[in-house]
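Enquirer: Below: one structure in structure tokens.
Taken together, the values in this text are just the output of simple stated rules run on the coordinates, not laboratory data. Keep in mind it's a predicted model, so treat the numbers as computed, not measured. As a convention, Cβ positions derive from the backbone with ideal geometry for all residues, glycine included, and neighbour counts pool all protein chains shown.
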Amino acid sequence: MSLAALLGGPPIRATPFAARRTMGEAERAAVLEVLDADLLSGFVGAPGPLFLGGPKVRQFEADWARQYGFTHAVSVNSLTSGLITALGALGLEPGDEVICSPYTMSASATCALFYGAVPVFADIDPESFCLDPRSVASRFTARTRAMVVVHLFGHPADMEALLALARPRGIAVVEDAAQAPGARIDGVPVGSFGDIGGFSLNCHKHIHTGEGGMLVTQDDRLAERCRLIRNHGENLTDDLPSSELVNLIGQNYRLTELQAAIGIEQLKRLEGYLEHRNQLAAYLIQRLEGLPGLHPPQVPGHLRHAYYVFPIRYDAQAVGLSRELFTRAVLAELPAARGIGHTPLTQGYVRPLYLSPLYQQRIALGSQGFPFTHRPDVTHVYPPGLCPVAERLHARELLLCPLVREPLTTADLEDLARAMEKVLDQADALRRAFPDT
Ligand SMILES: *Cc1c(COP(=O)(O)O)cnc(C)c1O
């Protein structure tokens, strides 16, 4: 085997990995049709048929609901606004507590703050990277009203255990399935287990409309409340009893006809993407299983992973290299990435959310610390060490690989596996050459 590239040898591969190409002829034709019709949004924030949006928005929602068996699908202009909508629909109040994962995109927790509710972080499971039911169980108080369950990286969370905790306590469950459209548990799509589920359609996700999101629910009343919050609900509540007015101050979270037209075509591609990603993942898992110190996802047979990214747990002791040096050495074997999010291997995901100034200084709405200081009995603090598994994974153990995607092939992943093998093989020489990394 040749010398490691980081030590001056030839790299395993020089040709760039093929870029993801998301838009095709179908999307182009769909957009032109909307332009020709000259109706870029069909929404009106007042009573009447246009309250529910234009023909493309309504078709996109109907298609999504049908494809995955949801009773209702409600499109929104992002999943950030979708999560705010979902918690509003559930009737969250100032002072309520919402159990959240610390290891996720920030909006999975900030959605609570918009209602004056307080995120309470539970730790994650080191195999699934999703909320650990045992940690969740330790976080309940009399004020716990909801939990936001994230299917991180496309791995379905343990919904059975989480629902068994939530249901008897009357705690609402929102599924943040931004990274897991089409992921399944026992054949049932994620998003259908909790009270409301949500998918993101931003341009980094499996399928996208530039920006956008989709909420799903089986509950007629929650669907109606989501539609009201999405589109200036205060104008449509004349006939509602006062008990139903809570949180129905509307927003403008509406998707355009252009986005919906693209979304209709994107949705048709999703199942193919998931099959492809699962085939690539199976190949990479089988290649990594023989390598020391690299722990690929263990996905039980009753789950279908969506592989938004491919996580690998790294054991520095077993490899004999720091995660930093291993990553640098593998990247040196591979072509330079073209653009953000394309680096073939990265360390960690996002800093555990509670370590950001928002939670450390407890300043959210206004300058007086609302909602963290709203009630004397709301005393949440967010000390480092709060969620040790998330902190450990982030600081030392997690590697992410974004190469399990269209249009790459097993030959591309073979190059990645060979780059890793080569670095493992020359760990001693690398450690001697870079003793401080
Ligand atoms: C992308 C993402 C969101 C937010 O989605 P947007 O549509 O970008 O607002 C929320 N949660 C998770 C886990 C995500 O990955």
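Enquirer: Can you spot the aspartates and glutamates whose alpha carbon is less than 18 Å from K422's alpha carbon? Ignore those fewer than 8 places along the same chain.
Expert: K422 reaches E289, D315, E324, E333, D412, E414.
Enquirer: Just add up the charged neighbours of A46: K/R +1, D/E -1, any other residue whose Cβ is under 12 Å from the Cβ of A46.
Expert: Spelling it out: positives minus negatives among the neighbours equals -2.
Enquirer: Once amide H atoms are placed 1.01 Å from N in the peptide plane, what residues at a sequence separation of 5 or more from F370, or on another chain, have their amide H within under 5 Å of its amide H?
Expert: Amide H neighbours of F370: A364, L365.
Enquirer: Under a cut-off of 30 Å between alpha-carbon atoms, report the lysines in cross-link reach of K268, not counting same-chain residues fewer than 8 places apart.
Expert: Cα-Cα hits under 30 Å: K56, K205.
Enquirer: Related question: Whole-Hz Karplus ³J(HN,Hα) for segment 111-123, in order, using 6.51 cos²θ - 1.76 cosθ + 1.60 and θ = phi - 60°, x for Gly and Pro?
Expert: Result, ordered by residue: 3, 5, 5, 5, 9, x, 8, 10, x, 10, 8, 10, 7 Hz.
Enquirer: Report ³J(HN,Hα) in whole Hz for each residue of segment 179-190, in order, from the Karplus equation J = 6.51 cos²θ - 1.76 cosθ + 1.60 where θ = phi - 60°; Gly and Pro get x.
Expert: Each residue of segment 179-190 in turn: 9, 9, x, x, 5, 9, 10, 6, x, 9, x, 4 Hz.
Enquirer: Ok, one more. Among the DSSP beta bridges whose two residues both lie in the chain, what percent are antiparallel, rounded to the nearest 5?
Expert: Just about 60 percent of them are antiparallel.
Enquirer: At a Förster distance of 41 Å, what's the computed FRET efficiency of R431 paired with A411, Cβ-Cβ distance as r, to 0.05?
Expert: 0.85
Enquirer: Further question: In the chain, with Lys and Arg counted as +1 and Asp and Glu as -1 at Cβ, which of these residues, I185, S41, T104, has the Cα nearest the positive end of the dipole, that is, farthest along it?
Expert: T104
Enquirer: Once the other residues with Cβ under 11 Å from the Cβ of Y314 are scored (Lys, Arg +1; Asp, Glu -1), what is the net sum?
Expert: Value of the local net charge: 0.
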